[in-house]
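Engineer: One structure, as structure tokens, below. Some questions next.
The values are calculated or read from the model by the stated rules, or taken from the named source; none is laboratory data. Everything quoted here is computed from the prediction, not taken from an experiment. Cβ coordinates were reconstructed from backbone atoms using ideal geometry, including for glycine residues, and neighbour counts include every protein chain displayed. Accessible surface is based on the protein model in full, side chains and every heavy atom, while ligands, DNA and RNA are left aside. Shrake-Rupley method; radii C 1.70, N 1.55, O 1.52, S 1.80 Å.
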Amino acid sequence: MKAVIIGAGMGGLSAAIALKQIGLDVEVYEQVTENKPVGAAISVWSNGVKCLNHLGLEQETADLGGIVDTMSYVDGLTGDTMCRFSMQPLIDEVGQRPYPVARAELQLMLMNAYGIDDIHFGKKMVAVTDGEDAATVEFADGTTDSADLVIGADGAKSLTREYVLGHEVERRYAGYVNFNGLVEVDDAIGPASEWTTYVGEGKRVSAMPIAGNRFYFFFDVPMPEGQSYERGTAREVLTEHFAGWAPGVQRLIEKLDPSTTNRVEILDLDPFHTWVKGRVAVLGDAAHNTTPDIGQGGCSAMEDAVALQFAFTEHPNDVHAALGAYEKARTERAGDLVLRARKRCDVTHAKDPEATAAWYEELRSEDGTRIIRGIVSNIVGGPLT
Ligand code: FAD
């Protein structure tokens, strides 16, 4: 059986490794010509790490991952610690430590695990069609490829999704912009093995460790969509948005490298439950585009990949049955994560200022129990539970 996978992001590559593991012939096509992921890092929660472990990447993932022993919330304006708690109860409950990792390193790890020389770079898919015996993709350079199945892991602006749904969809602006990057660990920002989050005024500033003595940081700033921004001006922009904030935040703004700091408008998409049309299926952000507020978009893509493998293990000679089983296993779970993230997003970014003020109050009396319960409920429910 042959599978064509469109997109060599974390979803497409995880799926490629997963299907190769069970003996499918896989061809991966990617439109870009080099490994240059947008965004600095991601937190791979325990469910995502379990998927990577399942794909045979346990040691490699641990080598890239930062060690987060504690989490804290800090009043962004005063610098007072609102709560600080251990991550150990979470690790004990779900049986796996989460790992924040640099995106480029995660991407390279997956590419190497699949076989970087086997990825067809510079191939932009422009059309996909389904036939009785095969599905066919066409590329911008006029070439085509056919396979028993096509997996569209072509991201948030997926063309495959349009084909599967039969119409275009409009993504929704979530109301905030995320600035992110990497800096060297600095105690003035937060302890080296802590995920520190400053909150106030519906804004958020976070720093968490990744391997190599670095923090992955991000700033969330609510603002209207489509504001003009000149790349390289993050320091000036953030200085203005975070004037009067705590010394740790000022230190982070001083330390960040404006030339490598990314600015991303955050969008998501209402969950939908048709992921398959004949021999063509969507996976990852193509299937479920979420805000990053619970850090589950990429983890969910990895879950898709494992679920796809399980479906083809169960139905090795029947593409339609396997894709049907994949869709059945995934749509509800993935849609639930999108809606959970949206809810968290609204509270964090003061959609309703009273609810956000109540959350800040809650944080002052938090001993970790409620937050860990919330995170655990996001983590459980995937193919490896
Ligand atoms: P992508 O990573 O977008 O990859 C899609 C690939 O397909 C790209 O390489 C693209 O070039 C290629 N492609 C697209 N169209 C075509 C075409 N026509 N032909 C050929 N190739 C094509 N998730 C987490 O789990 N934890 C986090 O902490 C986290 N933080 C995030 C922070 C931010 C600011 C953002 C924006 C997202 C975050 N996410 C996080 C979500 C995560 O980044 C995505 O869910 C994940 O990248 C999805 O992977 P994917 O492979 O489906 O899509």
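Engineer: Residues of region 269-298 being within 12 Å of the ligand (Cβ to nearest atom) and in contact with a strand residue (DSSP E or B) (Cβ under 6 Å, 6 or more places away or on another chain), which ones? Don't jump to the end; show me each part of the working.
Structural biologist: Step one: of region 269-298, the residues within 12 Å of the ligand (Cβ to nearest atom) are 269, 282-298.
Of everything in region 269-298, those that are within 12 Å of the ligand (Cβ to nearest atom) and in contact with a strand residue (DSSP E or B) (Cβ under 6 Å, 6 or more places away or on another chain) turn out to be Val282, Leu283, Ala286, Asn289, Thr290, Thr291, Gly295, Gly298.
Engineer: Here are the criteria: (1) open to solvent by 10 Å² or more (accessible area, probe 1.4 Å); (2) within 9 Å of the ligand (Cβ to nearest atom). Tell me which single one His167 does not satisfy.
Structural biologist: (2)
Engineer: Which one of these does Thr197 not meet: (1) away from the ligand (no atom under 14 Å from the Cβ); (2) open to solvent by less than 10 Å² (accessible area, probe 1.4 Å); (3) under 20 Å from Thr291 (Cβ atoms); (4) not aliphatic (A, V, I, L, M)?
Structural biologist: (1)
Engineer: Within 11 Å of the ligand (Cβ to nearest atom) and surrounded by fewer than 23 Cβ atoms within 10 Å (Cβ to Cβ): does that describe Val44? I'd like the intermediate steps shown before the answer.
Structural biologist: Working: within 11 Å of the ligand (Cβ to nearest atom): yes; surrounded by fewer than 23 Cβ atoms within 10 Å (Cβ to Cβ): no.
Against the criterion (within 11 Å of the ligand (Cβ to nearest atom) and surrounded by fewer than 23 Cβ atoms within 10 Å (Cβ to Cβ)), Val44 does not qualify.
Engineer: Taking Glu303 as meeting all but one of (1) under 30 Å from Arg263 (Cα atoms); (2) out of contact with any Lys or Arg (no Cβ under 8 Å at 6 or more places or on another chain); (3) not basic (Lys, Arg), write down the number of the exception.
Structural biologist: Just one mismatch for Glu303, condition (2).
Engineer: Could you count how many residues in region 242-257 are out of contact with any helix residue (DSSP H, G or I) (no Cβ under 9 Å at 6 or more places or on another chain) and crowded, with 18+ Cβ neighbours inside 10 Å?
Structural biologist: So the answer is 2.
Engineer: Could you list, in sequence order, all residues of region 80-96 that are of a type outside the set (Gly, Ala, Ser) and either assigned to a loop (DSSP other than H, G, I, E, B) or surrounded by fewer than 19 Cβ atoms within 10 Å (Cβ to Cβ) (or both)? Even if it seems obvious, please write down each step before you answer.
Structural biologist: The initial filter retains those residues of region 80-96 that are of a type outside the set (Gly, Ala, Ser), namely 80-85, 87-94, 96.
Correct list: Asp80, Thr81, Cys83, Arg84, Phe85, Met87, Gln88, Pro89, Ile91, Asp92, Glu93, Gln96.
Engineer: Output the residues belonging to region 317-335 that are within 15 Å of Thr274 (Cα to Cα) and hydrophobic (A, V, I, L, M, F, W, C). Can you show your working first?
Structural biologist: Of region 317-335, the ones within 15 Å of Thr274 (Cα to Cα) are 320-335.
Result: Ala321, Ala322, Leu323, Ala325, Ala329, Ala334.
Engineer: Could you look through region 1-27, keep only residues that are near the ligand (Cβ under 9 Å from one of its atoms) and open to solvent by less than 20 Å² (accessible area, probe 1.4 Å), and pick out the one that is farthest from Gly297 (Cα to Cα)? Outline the logic, then answer.
Structural biologist: Applying the first criterion (near the ligand (Cβ under 9 Å from one of its atoms)) to region 1-27 yields 6-15.
Subsequent filtering for residues that are open to solvent by less than 20 Å² (accessible area, probe 1.4 Å) retains 6-8, 11-15.
Details: Ile6: 18, Gly7: 16, Ala8: 15, Gly11: 10, Gly12: 13, Leu13: 15, Ser14: 13, Ala15: 15 Å.
Checking each candidate, the answer is Ile6.
Engineer: Which pairs do you get when a residue that is on the phi < 0 side of the Ramachandran plot, found in region 19-30, comes within reach of a residue that is within 12 Å of the ligand (Cβ to nearest atom) and part of a loop (DSSP other than H, G, I, E, B), reach meaning Cβ atoms under 6 angstrom, with the pair 6+ apart or on two chains?
Structural biologist: Val28/Ala8; Tyr29/Lys123; Glu30/Ala8; Glu30/Phe121
Engineer: Within region 326-355, take every residue that is under 14 Å from Gly295 (Cα atoms) and touching a helix residue (DSSP H, G or I) at 6+ places or on another chain (Cβ under 8 Å) and give me the one that is surrounded by the most Cβ atoms within 10 Å (Cβ to Cβ).
Structural biologist: Across region 326-355, the extreme among qualifying residues is Ala334.
Engineer: Here is a follow-up. Output yes when any residue across region 110-124 is assigned to a strand (DSSP E or B) and in contact with a Phe, Trp or Tyr (Cβ under 9 Å, 6 or more places away or on another chain), and no when none is. Please lay out each step first, then the result.
Structural biologist: Start the filter on region 110-124 by keeping residues that are assigned to a strand (DSSP E or B), which leaves 119-120.
Add one more test, that the residue is in contact with a Phe, Trp or Tyr (Cβ under 9 Å, 6 or more places away or on another chain), and what stays is 119-120.
Yes, there is a match, as at least one residue in region 110-124 is assigned to a strand (DSSP E or B) and in contact with a Phe, Trp or Tyr (Cβ under 9 Å, 6 or more places away or on another chain).
Engineer: Could I ask something else about it? Taking region 108-129 as the search range and keeping residues that are under 17 Å from Ala281 (Cα atoms) and open to solvent by less than 60 Å² (accessible area, probe 1.4 Å), which one is nearest to the ligand (Cβ to nearest atom)?
Structural biologist: Restricting attention to region 108-129, the residues satisfying the condition of being under 17 Å from Ala281 (Cα atoms) are 125-129.
With open to solvent by less than 60 Å² (accessible area, probe 1.4 Å) added as a condition, the list becomes 125, 127-128.
Working: Met125: 4, Ala127: 9, Val128: 9 Å.
Per the criteria, the residue is Met125.
Engineer: Shifting gears a bit: Identify, from the list Gly76, Gly152, Gly66, the residue that is within 14 Å of the ligand (Cβ to nearest atom), open to solvent by less than 10 Å² (accessible area, probe 1.4 Å) and closer than 24 Å to Arg204 by Cα. So that I can check it myself, show each step before the final result.
Structural biologist: On the way: Gly76 fails: within 14 Å of the ligand (Cβ to nearest atom); Gly152 fails: closer than 24 Å to Arg204 by Cα.
Checking each option against the conditions leaves just Gly66.
Engineer: Turning to a different aspect of this structure: If Gly232 satisfies all but one of (1) at negative phi; (2) open to solvent by 10 Å² or more (accessible area, probe 1.4 Å), what's the number of the condition it fails?
Structural biologist: Result: Gly232 fails condition (1) only.
Engineer: If Glu60 passes every condition in (1) of a type outside the set (Gly, Ala, Ser); (2) open to solvent by less than 10 Å² (accessible area, probe 1.4 Å); (3) out of contact with any strand residue (DSSP E or B) (no Cβ under 8 Å at 6 or more places or on another chain); (4) free of Cβ contacts under 8 Å to residues at least 60 places away in the same chain but one, which one does it miss?
Structural biologist: (2)
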